[in-house]
Amino acid sequence: MEFAGKVALVTGGSRGMGKAIAEAFAADGADVIIASRKLDSCEELAQAVQDKYGVRALPVACNVSSWDQCNALIDVAYAEFGQVDVLVNNAGLSPVYPSLDEVSEELFDKVIGVNLKGPFRLAAAIGTRMAAGDGGSIVNISSIEAIRPHPEAVPYAAAKAGLNNMTEGLAQSFGPKVRVNAIQAGPFLTDISAHWPSGMKEEFEQTLALGRCGDPDEIVGAVLYFASAASSFATGAILRVDGGTP
C-alpha cells in the first residue's frame, strides 16, 4: 500500500485507461480525483471505488482544453484534499477526419487543447505546488503516434510529440522534488478504438511484435512504476508501452 495517504489526480479518469489507472491507485490505498468531461461517469466510478476500496474518491467534471476548467479542477482538488501527490495527464482526443485539407481550425484547436494545452496547464500549476511542498510525480500519457504518425492522426501526433518534449522540459523545471515522466502508449482497445478507421485494428495485429492491441489494464504497471519510489532515479523519461511497434 505504497500510496496510502497519497492523492492521485487522473484526467480522462472515468473510462478506458484512465479508469484502470484510477482504480489501481485506489486499490493501492490512494485517494483519487477522477476528472473527465462527463460528471455522471466520474460520479459512478467514484462511488464504485469508494465502496470497493474504502478510499476517498472525488468526481470532477473538467474539459482540460479550458484553462478556466483546469484552474477550477486544481482549486477543488486542493480544497478537498490539501495536496496532490500524483498527477496523471491521461485525457486524450483524436477525432477522425476525412482528409488533411478538411481538418478544421476548430478540430485542430480541440486536439491541441486536450492533448497538449491542458496537460501543460495542469502540470505547470500542480508541479509548482508539488515543488514548493513535499514533491510528487507527474505522469503524462503520450502515444506512439508522436514518433510513428499515421495519416489519420497528424494533429494528434503533433500534440503528443509536444507532450514528449514538454515532459523533458518540466522534469528539468521541477527537479529535484518533482519527477515528470511519460508513457508512450501503443494501440489500446479503449472506447476510442471503436472509431478507428476500417482495417486499422487488423493492421496493428499484423505488425505489432506481440500480435495484438493492448488491454487498458496493461498501462497500469508503467503508471504505478513512475508514480512510485521504484522509479526514484527516473525523470524526463519516455517509456514505450506499445506492444512492440516496428
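Throughout, read-outs are computed from the coordinates displayed, never taken from laboratory work. No experiment lies behind these values; they were computed from the predicted model shown. Quick reminder, even Gly has a Cβ in these numbers, built from the backbone with ideal geometry, and neighbours come from all protein chains shown.
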Study note, to complete from the structure: The answer for Gly214, listing residues at least 5 apart or on another chain whose modeled amide H is closer than 5 Å to its amide H, is Phe188, Leu189
Point to revise | Distance cut-off 30 Å, percentage of C-alpha pairs in the chain lying past it | key: 21 percent
Exercise for review: Quick one: which residues, 5+ away or cross-chain, put their amide H under 5 Å from the amide H of Ile33? H built at 1.01 Å from N.
Suggested key: Ala8, Leu9, Val10, Leu58
Study note, to complete from the structure: Karplus ³J(HN,Hα) for the stretch 133-143 (6.51 cos²θ - 1.76 cosθ + 1.60, θ = phi - 60°; Hz, whole; x = Gly/Pro) runs x, 8, x, x, 9, 10, 10, 9, 8, 9, 8
Practice item. Return the single residue from Glu106, Glu44, Glu168 with maximal mean-square fluctuation; model: Gaussian network over the chain, springs between Cα atoms under 10 Å. Key: Glu106
Check your understanding: Separation between the Asp134 and Ala79 pseudo-spin-labels, each 7 Å from Cα along Cα→Cβ, expressed in nm?
Key -> 2.3 nm
Exercise for review: Tabulate in residue order the Karplus-calculated ³J(HN,Hα) for the stretch 86-101, using 6.51 cos²θ - 1.76 cosθ + 1.60 with θ = phi - 60°, rounded to whole Hz; enter x for Gly and Pro.
Suggested key: 9, 10, 10, 7, 9, 4, x, 7, 9, x, 6, 10, x, 7, 4, 6
Review point. Between Ala185 and residues 5 or more places away or on another chain, which pairs have amide H atoms under 5 Å apart, with H built 1.01 Å from N, and which residues are they?
Key: Ser142, Ser143, Ile144, Val241
Exercise for review: Of the listed pairs Lys38/Lys160; Lys38/Lys201; Lys19/Lys110; Lys19/Lys160; Lys52/Lys201, which have alpha-carbon separations greater than 25 Å here?
Suggested key: Lys38/Lys201; Lys52/Lys201
Revision key, fill the gap. Going residue by residue through the stretch 218-230, the Karplus relation 6.51 cos²θ - 1.76 cosθ + 1.60 with θ = phi - 60° gives ³J(HN,Hα) values, rounded to whole Hz and with x marking Gly or Pro, of 7, 8, 4, x, 5, 5, 5, 4, 5, 7, 9, 5, 4
Point to revise | Evaluated over the stretch 81-179, the Cα radius of gyration and Dmax, each in Å | key: 15.0, 48
